[in-house]
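Values in this text are rule-based calculations from the coordinates and carry no lab data. The structure presented is a predicted model; accordingly, all values stated were derived computationally and were not measured. A quick note on method: Cβ atoms are made from the backbone with ideal geometry, for glycine too, and the neighbour counts reach across all protein chains shown.
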Amino acid sequence: MSEDIKKENDKKENDKKENNDLTKNKIPFVKFMPIAAVISAVLFIASIGLFVSKLNTNSFNMGIDFAGGVELKVQIDNPEVINIAEIRALYNNFGTETVNIQELEGEANVNAFLLRFRGSNEESDRAMQVLYDKYGTDKVNLIGSNIISGVVSADNLKLAFILIIVSWIIIMIYITIRFNYRYAFPAIITLIHNVVIVFGILLFLNKEFSVLVLSSMLTLIGYTINDIIVVFDRIRENTDTKRPFKEIVNISLNNVVGRTVITSISTLLAALAIMIWGGFILYDFAFTFFCGVVIGTYASNFIASGLLILFMKTKKH
């Protein structure tokens, strides 16, 4: 009998210890979810409004992959290696068009550069004339050129939206299989929320929407869904019949908050490093991802979990 009493006392002690472990360092995430919902609603509506405004005025800052343009590969016969900053400085006053300049790599591509900008053959001639004036006609060699037509660019834009929508569908199927539909809908809504708000930031700052920015968006979707799955997985592990679901969500978010902070900070530092030292070409990619990580981390903890609470209200625990 005494042995049974001892086992019962040990069980109570373990349950008490487990309960203390779950609830220590408790941050009231759920308490702040209504405030987060209001903030997200304002940002989401503002982003949609900005998109509609840009659509009505046809003032999107599209890269040549989506708007059409010219791509030139040039090589300059110069005794010294030319710094790419020198080439970019030549095009600071190239009309209203922004010239995207990239240095080609490889031993055979010394002083070889890729120039990309929106325009036609006339702008192409003007761009070459800038180099001719600086280095001489006999020193500048056009080693390749490409003109992206409006038809091709329109197809690229359609493909971009298809890629994003397909990624959402695949993610929804995956989460439904791994968890259930109650988890899938909050995850997809959160992903749409993140993409729309990040896109709104890019529109507000008039950033160029290019293939690199699209790549960053798709990378962001993968990063965010991984963060959401970590949170949802912990919520499912902690789910029991003893506590209200809101408390389970709050406990779960506290369980993973350390991992979330460390992962987000390390990712933000990597994106910041690319923004500072990655050069002009990679800046928009890194900037988009940087904004996405900030929005995604916030959304995973407040928006996705808050939506999950709403979707689970009809389910009894």
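Once you put a point 7 Å from the Cα of Asn146 and another 7 Å from the Cα of Asn180, both along the Cβ direction, what distance in nm separates them?
In this crude spin-label approximation the distance works out to 5.0 nm.
Between beta-carbons, use under 13 Å as the cut-off and find the net charge around Asn78, counting Lys and Arg +1, Asp and Glu -1.
Working: positive: Lys134, Lys139; negative: Asp77, Glu80, Glu86, Asp138.
The answer is -2.
Distances over 18 Å make up what percent of all Cα-Cα pairs in segment 69-148?
So the pairs more than 18 Å apart make up 33 percent of the total in segment 69-148.
Computed from the coordinates I sent, P(r) over Cα pairs in 10 Å bins from 0, in percent equals one of (1) 6, 25, 35, 24, 9, 2, 0; (2) 6, 30, 39, 22, 4, 0; (3) 5, 21, 25, 19, 13, 9, 5, 2, 1, 0, 0. Tell me the label.
Matching the structure shown: (3).
Projected onto the charge dipole of the chain (+1 at Lys/Arg Cβ, -1 at Asp/Glu Cβ, origin at the Cα centre), which of Ile229, Phe289, Ile162 gives the Cα projection farthest towards the positive end?
Ile229
May I ask you to order 155-166, 302-313 by the average number of other C-beta atoms within 10 Å around their residues, highest value first?
In descending order of packing, they fall as 302-313, 155-166.
Loop sites only, by DSSP: take the GluC sites (Glu not before Pro) in the chain that have at most 13 other C-beta atoms within 10 Å and name the longest stretch containing none of them.
With GluC sites (Glu not before Pro) excluded where exposed in loops, the chain gives 106-317 as its longest stretch.
Run the Debye formula on the Cα coordinates of segment 168-317, all scatterers equal and no solvent, and tell me log10 I(q)/I(0) at q = 0.08 1/Å.
For segment 168-317 at q = 0.08 Å⁻¹, log10 I(q)/I(0) is -0.24.
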